[in-house]
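> Okay, handing you the structure first.
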Amino acid sequence: MIAKIAIISTFCLIAVSGLKPPVWQPQWEAQFTETFKYPIIGSSNTTGSFYYDWTNNRYRVDRENGKWDRYCGSVYKLTSTPCSHIVSEGKRYLWFPEKDYCCFCCDAAHGCGLLKPNWVDSATFVEYTTAENGATTQKWEIKGLQSNFYYASNDEAAVPYRIDQMPNDFQFFKPETYKTQISDPSVFNLPSQCNAKTTCPLISVCTAAQSF
């Protein structure tokens, strides 16, 4: 019996080791919910939309409330207000529509550009998990300044399901909203208020990012 278990375990390890990390489609969009948790301050939830366009070197994330997004929240200090990250031509801007304000945060040279479609390549497979809709997903760990976990559907489509930036940021994509195209390319148009000369405040995460 022990010998059989050993054989099965070895087979499972071989099968798992043959897994390839998921790769993002060159274009996709989806809606998401997100939970932020900070010590002492507490936690907050928001919703948003994610637009990824590697083909044209652009990206956008809209949050209904950017209060505790580490970038947006450092510009308008813990203020409840919508905020968007817009990356265009390697430059990341933060757009606050209610404030009619946009600032240049940092650029690709400082790690503020687009994630590559294969950004999970260095990840280590953790386990199979079951999503809320019953789908089987793969859980991968990517080491950074902290542990990051990425979940994608267990099939060739590799639909994004979840990104956990430990220990305080948990982003859940809605698979039913996932599309491998950009429905409205105009979402990437920079508001007229956005330009590289208007930089984000000195005391903000953007300043720290520019020093990397």
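> Only one residue in THR136, THR207 is closer than 26 Å to LYS77 by Cα, of a type in the set (Val, Ile, Thr), without any contact (Cβ under 8 Å) to a residue 60 or more places away in the chain and surrounded by fewer than 16 Cβ atoms within 10 Å (Cβ to Cβ). Which one?
The conditions single out THR207.
> For region 73-144, which strands (runs of 3 or more DSSP E) that fit wholly inside it have 2 or more residues that are in contact with a Ser or Thr (Cβ under 8 Å, 6 or more places away or on another chain)?
91-96, 101-107, 124-130, 136-143
> Looking at the structure I just gave you, is GLY144 on the phi > 0 side of the Ramachandran plot, free of Cβ contacts under 8 Å to residues at least 60 places away in the same chain and not charged (D, E, K, R)?
Answer is no for this residue.
> One residue is enough: does region 26-38 have a residue meeting the conditions assigned to a loop (DSSP other than H, G, I, E, B) and modelled with pLDDT of 95 or more?
yes
> I need every pair where a residue in region 154-180 that is more than 17 Å from VAL61 (Cβ to Cβ) and open to solvent by less than 30 Å² (accessible area, probe 1.4 Å) has its Cβ under 6 Å from the Cβ of a residue that is at pLDDT 95 or above and assigned to a strand (DSSP E or B), sequence separation at least 6 or different chains.
Pairs found: ALA158/ALA152; VAL159/SER153.
> Could you check region 50-72 and list, in sequence order, the residues that are outside any loop (DSSP other than H, G, I, E, B), over 15 Å from PHE36 (Cα atoms) and not aromatic (Phe, Trp, Tyr)?
ASP53, THR55, ASN56, ARG58, ARG60, VAL61, ASP62
The values are calculated or read from the model by the stated rules, or taken from the named source; none is laboratory data. Note that the coordinates shown come from a computational prediction; the quantities given were computed from them, not determined experimentally. Please note: Cβ atoms are built from the backbone with ideal geometry, for glycine as well, and neighbour counts cover all protein chains shown. All accessible areas refer to the heavy atoms of the entire protein, side chains included, with ligands and DNA or RNA removed. Shrake-Rupley method; radii C 1.70, N 1.55, O 1.52, S 1.80 Å.
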